[in-house]
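Heads up: the structure comes next, in structure tokens.
The values are calculated or read from the model by the stated rules, or taken from the named source; none is laboratory data. Please read all numbers here as calculations on a predicted model, not as lab measurements. Methodologically, a virtual Cβ is constructed for each residue, glycine included, from the backbone with ideal geometry; neighbour enumeration extends over all protein chains shown. The accessibility values were calculated without ligands, DNA or RNA, using every heavy atom of the protein model including side chains. Shrake-Rupley method; radii C 1.70, N 1.55, O 1.52, S 1.80 Å.
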Amino acid sequence: MIRGIIHPDSHSKLKESTDSYYSFEDDSKLPVHKGIPVLFGKDSLFNAQDIINAKVTTQDKAYADTKNLKNYVRRKLLPSLAKDFNLVKRYTELADLLPQQSKVLILGTGDKKEFYKDIFAHSQVICSDVHAEFSPDLIFDGHFIPFSENSFDLVLAAQVIEHTINPWQFCNELQRVTKVEGYLQIEAPQTFPYHAQPYDFYRFTYTGMRSLFPKCHVIKESITEGNAAVVAVTLSNYLINLSSVSFIRSAFLFISRLLFGWLKYLDQKNGSLNHRRVSMPK
């Protein structure tokens, strides 16, 4: 049983856990599905029944199945249009800031659970999401985080905040559960096509993002993908959306990856970018 869990609505402390449910001190119960606690509040966009029924909401693990020929070509053979060249370095530096056995909360883990567990190997890592597609440790809505105040040394949400219907509430929750002098790492797009519909709500400038975290000060900021990647993504999106016919769209995806996949490497040559002169895709 993970310590520090509270009911997402009442904030009542966890009293008992079984293979079927979590019971709280106010006698409320929330379900456990296939070993994963499903801790949605009553006002969440999501509900436990969809998890139990395996309804696809924000992510479908089928997109990552490379046994499918289309997915294999798209994910394994074709060049990407954008790349976070410093991802491992950035996360390793973040992990090095943490004391041994720190508590780390990941929101929107997606298919990167193993990556996060490896990077933060010397910490207790709790991987969460709003679905069960990639077997997170917990399922909950970031608008109602089921942990008590000052629970985590690090809270990380990469490409999540744009999918929150109320980013102000979401960011208040992130700050609430982060320890004083703890760390928050937030990553979000400023320019990127509409995706994961209908759960795609916002795009953020640096100052817009900064305004959401009044209890924090900035230790470091970085731009993960630059102007050349924006051009590649935009041109590809334009070509794909010239048609609504599936095989034509797939053909344009194939063509655009080959035509524009090299552009991202120009961003490596631009040196350090700042938020006043870049439109980053992520």
> To the nearest 10 degrees, how steeply does helix 87-96 sit against the main Cα axis of the chain, on a 0 to 90 scale?
Replying inline: 30
>> If a paramagnetic tag sat 7 Å from the Cα of Asn71 along the Cα-Cβ line, which residues of segment 118-155 would have the backbone N under 14 Å from that point?
In response: 133-135
> Given R₀ = 25 Å, FRET efficiency for Val88-Tyr194 by Cβ-Cβ distance, to 0.05?
Replying inline: 0.30
>> Going by Cα centres, segment 86-161 and segment 169-190 are how many Å apart?
In response: 12
> Using alpha carbons only, how many degrees (0 to 90, rounded to 10) separate the axis of helix 227-240 from the longest principal axis of the chain?
Replying inline: 80
>> Can you tell me how segment 144-253 classifies by the Cα gyration tensor, rounded, prolate or oblate, using a/c under 1.5 as the rounded cut?
In response: prolate
> Which aspartates and glutamates does Lys269 reach when only Cα atoms under 18 Å apart count, and residues fewer than 8 places away in its own chain are ignored?
Replying inline: Asp84, Glu225
> Under unit Cβ charges (Lys, Arg +1; Asp, Glu -1), what dipole magnitude, rounded to 20 debye, does the chain have relative to its Cα centre?
Replying inline: 1140
> Any idea of the accessible area per residue across the chain, 1.4 Å probe, to the nearest Å²?
Replying inline: 54
> For the chain, what % of the accessible area comes from carbon and sulfur atoms, probe 1.4 Å?
Replying inline: 53
>> Along the Cα→Cβ direction, 7 angstrom out, place labels at Arg176 and Asn150. What is the inter-label distance in nm?
In response: 1.6
> What is the packing order of peptides 259-265, 226-232, taking the mean over residues of other C-beta atoms within 10 Å and listing the highest first?
Replying inline: 226-232, 259-265
>> Would segment 1-73 count as rounded, prolate or oblate if I go by the C-alpha gyration tensor, calling it rounded below 1.5 in a/c and otherwise prolate when a/b exceeds b/c, oblate otherwise?
In response: prolate
> Extent of the chain along each principal axis, from alpha carbon coordinates, in Å, largest to smallest?
Replying inline: 59, 42, 31
> Against the longest alpha carbon principal axis of the chain, how many degrees, from 0 to 90 and to the nearest 10, is the axis of helix 246-260 turned?
Replying inline: 70
> Hey, which of these cross-link pairs are over 32 Å Cα-Cα: Lys42/Lys117; Lys15/Lys55; Lys42/Lys220; Lys55/Lys220; Lys112/Lys215; Lys70/Lys220?
Replying inline: Lys42/Lys220; Lys55/Lys220; Lys70/Lys220
